[in-house]
Amino acid sequence: MTGLLRTLRWLLGGCRFNRPPAGVFHAQSRAFTHALLLVRVFYAANLLAAGWRLAEREPWNVYESMYPLWPLFWADGMKVETVAIGVFAANAVFAALAAIVPTSALARWLAFAGAFAVGAFVNSFGRVGHAEHAWVWVSFFFAFLPAGSAERMAASRAARQRFLLVFWAAQFAMLFFYSMSGWLKLVAVPIQWHRGEVCSLGCEALARHIANRALLTKSHPPLADWMIDHLWLSWPLFLGAIYLEAFAVLAAFRPALHRIWGAGLVLLHLGIGLAMEIWFVPPMFLLALLLVNSPFHGEQVAWREAIWQLPGLELVRHALEPARTLAPASLTPEYGAQRGP
Amino acid sequence: MRAYRISVLGIVLFAAVYPAISGGVLVRDWHGGVGEIYPFAPWALFCFVPNYESDFAVRIRAIDGRQLDQPPYFEQLPGFDEHQKTIGRGVIEGMGSLAGDQASPAFAEQRRLFERNYLAPLGDDVRYELVRREYDVLERWKTGAFQTNEPVAALVYRADAEGP
């Protein structure tokens, strides 16, 4: 089983070109310190978001009735205002607890429960949106981080590794969601093509999405008119977005791509906001935190290395360079030869 | 080491189970047609490019006995922000898809949700139509024209009524 998973990781990670860095235990310690800081930042931001929601709860009062999702079954028939203040206040308390003691597993589970309930509440009005989901899932994965003091974990190689694995799981989950979205766009291509319709690869695809969204909501996004009139730009941007989404999950296995993919997806959300007035602000923050600042990435972007690891291009590199070794990276002598704490 | 292996298996399990739950056929009819089990989103966002589209819309005919000369669609009403309009549109689509059986509890639930959240602020007696529209997206964007525009149901919201 372990061998199977290791080979899978090796294949997804771009095979022999994605080797562990020299001085791997030092790199692990550095990544752990970095990841620990990012987790603390996440819980501080969670408190900011929770406090903000509680303070700005008034817009929810316009709703007189709700259609509660299953986690809020108990709220059926209750006044929306009452449910809002209850859920938002509980979330703020739990978020404060996790921001104060992020090393406590209990505090992190409570923070997850708060985010989970808030996500359920904001989607309990007849339509499920998706701006909150990534936040809920990241807080879910972070709840599994090993508990205990940072000093104790820093002293144990196994604890550091487990911490980093759970952190990576949160990155993986986020990128996995984008891949699902990207591949579902591609799955629809032959269906629409067969019907003789404009499909996701067509030059009018993005223009049509933008126009439809603006028509449905009667909104006036700043870039909508311009993007609809300039197909020469909107077409390649949409193709690029599909590529970025579809192969996002591979980027999780290629640390050299973390920063590039994170930045690309942040810009994607920014573009969607400006062209369609759909603002996925929490995912933008998470991408910037977890991927643009990925602890698995070096200080500098190694552009040459990163470009050759782009999905598709690594196949070209395989064809151009004769195979030196076909062993999974984790089985190469560097790993076994090094000693660490 | 055991905890580490369990964590790895947990991630593999997540990658296998998440798409199965979010994309499962069973999900479609679960929870009154919302189409997903929170927090398992299918992430089917902008999969199909809108070409020749059909949708359901609400057109307001009269408020508190006053007939409106140019009946506005829901999305043209002032006083609702983008977020509210997006949710409202989802509810209207839900009503439209269930309009074939207007006596059903599912239709009544969607109608109640829409009327109390979006029509109650307009007045105590609101007459409105559920309309099915067909249009080419870019043509409508340029000219505002619909190919078809057919009323599906004529409905009334009264604040003093017990329920729809």
Translational diffusion coefficient (Stokes-Einstein; Kirkwood radius from C-alpha pairs) of chain B at 37 °C, 0.692 mPa s, in µm²/s: 177
Which listed residue (A:VAL189, A:ALA246, A:GLY77) has the Cα farthest towards the positive end of the charge dipole for the protein assembly as shown, taking +1 on Lys and Arg C-beta and -1 on Asp and Glu C-beta about the Cα centre? A:ALA246
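State, as an integer percentage, the relative contact order of segment A:159-234 based on alpha-carbon contacts under 8 Å between residues 6 or more apart.
Numbers: 38 pairs, mean separation 14.4, N = 76.
So the answer I get is 19 percent.
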From DSSP H assignment alone, runs of 4+ in chain B each adding -39500 (n - 2.57), the sum over residues rounded to the nearest 500 puts [θ] at 222 nm at -11000 deg cm²/dmol
B:ALA20 paired with A:VAL93, simple spin-label distance in nm, labels 7 Å along Cα-to-beta-carbon: 3.8
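Shape verdict for segment A:6-140, please, from the Cα gyration tensor: rounded (a/c under 1.5), prolate (a/b greater than b/c) or oblate. Working shown, then result.
Numbers: a/c = 3.38, a/b = 2.02, b/c = 1.67.
Verdict is prolate for segment A:6-140.
So, with +1 on the Cβ of K and R and -1 on the Cβ of D and E, and no other charges, what is the size of the charge dipole of segment A:1-114 about its Cα centre, to the nearest 20 debye?
Details: 10 positive and 5 negative charges, 197 e Å.
For this selection, approximately 940 debye.
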Projected area averaged over all directions for the convex hull of the alpha carbon atoms of chain A, nm², comes out at 20.7
Return a whole-number percent for the relative contact order of chain B, with Cα pairs under 8 Å and 6 or more residues apart as the contact set. 22
For peptide A:191-202, the mean count of other chain Cβ atoms within 10 Å per residue Cβ is 3
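Would you please calculate the Kirkwood hydrodynamic radius of segment A:103-219 over all C-alpha pairs and express it in Å, rounded to one decimal? Don't skip to the answer; put the middle values down first.
On the way: mean 1/r = 0.0565 Å⁻¹.
Over segment A:103-219, the inverse of the mean reciprocal pair distance is 17.7 Å.
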Percent relative contact order for chain A, counting Cα pairs under 8 Å at least six residues apart, stands at 22
Note to self: Kirkwood Rh of segment B:90-163, Cα pairs, one decimal, Å, is 13.6
May I ask you to list the lysines whose Cα is less than 28 Å away from that of B:LYS142, ignoring any residue fewer than eight positions away on the same chain? A:LYS185, A:LYS218, B:LYS85
About its Cα centre, how strong a charge dipole does segment A:136-210 have in debye, to the nearest 20, once Lys and Arg get +1 and Asp and Glu get -1 at the Cβ? 280
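Please state the charge dipole magnitude for the protein assembly as shown, taken about the Cα centre, from unit charges on C-beta atoms (+1 on K and R, -1 on D and E), reported in debye and rounded to the nearest 20. All intermediate terms of the calculation are to be shown ahead of the outcome.
Details: 43 positive and 40 negative charges, 523 e Å.
In total the dipole reaches around 2520 debye.
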Taking +1 at the Cβ of each Lys and Arg and -1 at the Cβ of each Asp and Glu, which of B:LEU155, B:LEU130, A:ALA35 sits farthest along the dipole of the protein assembly as shown towards its positive end, judged by Cα position relative to the Cα centre? A:ALA35
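Can you give the mean number of other chain Cβ atoms that lie within 10 Å of the Cβ atoms in peptide B:85-97?
Details: counts 4, 8, 9, 4, 4, 5, 4, 2, 3, 3, 1, 0, 0.
Mean partner-chain Cβ count within 10 Å for B:85-97: 4.
What's the extension gain from A:VAL24 to A:ARG157 if we count 0.36 nm per residue and subtract their Cα-Cα distance?
Details: separation 133, 0.36 × 133 = 47.88 nm, distance 1.14 nm.
This chain segment gains 46.7 nm when fully extended.
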Rounded to the nearest 500, what is chain A's calculated 222 nm mean residue ellipticity when only DSSP H runs of at least 4 contribute -39500 (n - 2.57) each, over all residues? -21000 deg cm²/dmol
Provide Rg and Dmax in Å for segment A:196-272, with only Cα atoms included in the calculation. 14.1, 42
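Laboratory data are not the source of any read-out in this text; all were calculated from the coordinates shown. Fair warning: this is a prediction, and the values are worked out from it, not measured in the lab. We place every Cβ from the backbone using ideal geometry, glycine too, and count neighbours over all the protein chains shown.
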